[in-house]
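Single-structure report; data block below.
Just so you know, all these numbers are worked out from the coordinates, no wet-lab data involved. Please read all numbers here as calculations on a predicted model, not as lab measurements. Here Cβ is always computed from backbone atoms with ideal geometry, including for glycine, and neighbour counts include all displayed protein chains.
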Amino acid sequence: MQTIEAVSMLFRSLRNLSREAPLQLLPVRCQSNATSTEVNTAANFHFVPVSDPADLQDIEELQDFVRTSKRLFVITGAGISTESGIPDYRSEGVGLYARSDNRPVQYADFLSSSAIRQRYWARNYVGWPKFSSFSPNVSHKTLSGWEAVGKLHWLVTQNVDSLHVKAGSRKVTELHGSAARVMCLSCPAVIPRHDMQKRIKHLNPVWHAESQEMAPDADVFLTPEQIEGFTVPTCTQCGGILKPQIVFFGDNVAKPTVQFVHRMLEESDAMLVAGSSLQVYSAYRFVSAARDQKKPIAVLNIGPTRGDKLADLKVSARCGDVLPQIQL
Ligand SMILES: [Zn+2]
């Protein structure tokens, strides 16, 4: 009890501190005698919506929920990565949509316009060094630990930041792909995003731009003048168009992926949603399917979600405040 209160106080003070500090992504490790809870960076909390500390009774109920399950299915969204310093799209006040007019590229526009591809890759090129440096936080590590002890049957994430994989999760489907890979739209070629970065640099030896804005997919804002003269690489195998291996807005998750996730869900006995408002249908459909299969559903998210009416248990708190406290 005392430890939990100490942790909550620590997070509250950290959050206040981070909101007053200018945006920076320098790592700051929190030292405290009160807890061993790991906090990646104080600045990480810039993109975490304000929330009350987790209620002790809520934590106990969620713990009972997780303990009862033998084959837990977990869905995560942007809310699990905001504590790593990556913004989400929709959170009130701190999400990309609230802070900026910047909107993600639509798949059809990317396909049809070389100017839009040039803009996309120039912005992505500038955002990649920072985006690729983000680290898993305590929530990613907790779920990786649940897999290691056999609690977790399957993990589905809507995030393209690969942080679950970086945290050691293997039983994971990246529903919307990963920004760490680049695919050709005309042949089967797939290359690591880091290799794409080298190719872009090679083609644009003197081009340089900087931006402070960051979106959940490594996109940053640049002016048209900044983008001038930027050259986009094509596939070395066939000359085709290169695109991050992520599902763009306006595109659909591949059917085999959806079928596979449904199979994993059928094999599971309970569902936990962590850090997602479930506004996007690609994830919501699995919650709906879990309800149809009469599987118990718990939702852990700051603020309301589209799945609240289907949930048996709702905890409105920060993932990093709750998940590490669950004792299996
Ligand atoms: Zn190709």
note = Taking only C-alpha positions in region 223-262, Rg and Dmax in angstrom work out to 15.8, 46
inquiry  = For region 113-234, compute the orientation-averaged projected area of the C-alpha convex hull (one quarter of its surface), in nm².
reply    = 8.5
message = Just to confirm a number: summing +1 for Lys and Arg and -1 for Asp and Glu over residues other than Thr68 whose beta-carbon lies under 13 angstrom from that of Thr68, what do you get?
response = 0
ask   = Over its Cα atoms, what ratio of radius of gyration to 2.2 N^0.38 Å does region 184-253 give?
value = 1.22
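What does the charge add up to near Gln293, with Lys and Arg as +1, Asp and Glu as -1, over the other residues with Cβ less than 14 Å from its Cβ? Mind dumping the intermediate values first?
Numbers: positive: Arg71, Arg263, Arg285, Arg291, Lys294, Lys295; negative: Glu266, Glu267, Asp269, Asp292, Asp312.
That sum, taken over residues with Cβ under 14 Å, equals +1.
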ask   = Taking θ as phi - 60°, what are the ³J(HN,Hα) couplings along region 162-172 by the Karplus curve (6.51, -1.76, 1.60), each to the nearest whole Hz, with x for Gly and Pro?
value = 6, 5, 5, 5, 4, 7, x, 5, 10, 8, 9
Net charge, Thr234 excluded, C-beta distance under 12 Å - Lys, Arg +1, Asp, Glu -1 = +3
request  = Starting from one equal scatterer on each C-alpha and no solvent at all, send me the Debye-based log10 I(q)/I(0) for region 181-313 at q = 0.12, 0.14, 0.15, 0.16 Å⁻¹, two decimals.
outcome  = -0.70, -0.84, -0.90, -0.95
ask   = So who's got an amide H within less than 5 Å of the one on Gly177, skipping anything under 5 residues away but keeping other chains? H placed 1.01 Å off N, in plane.
value = Val247
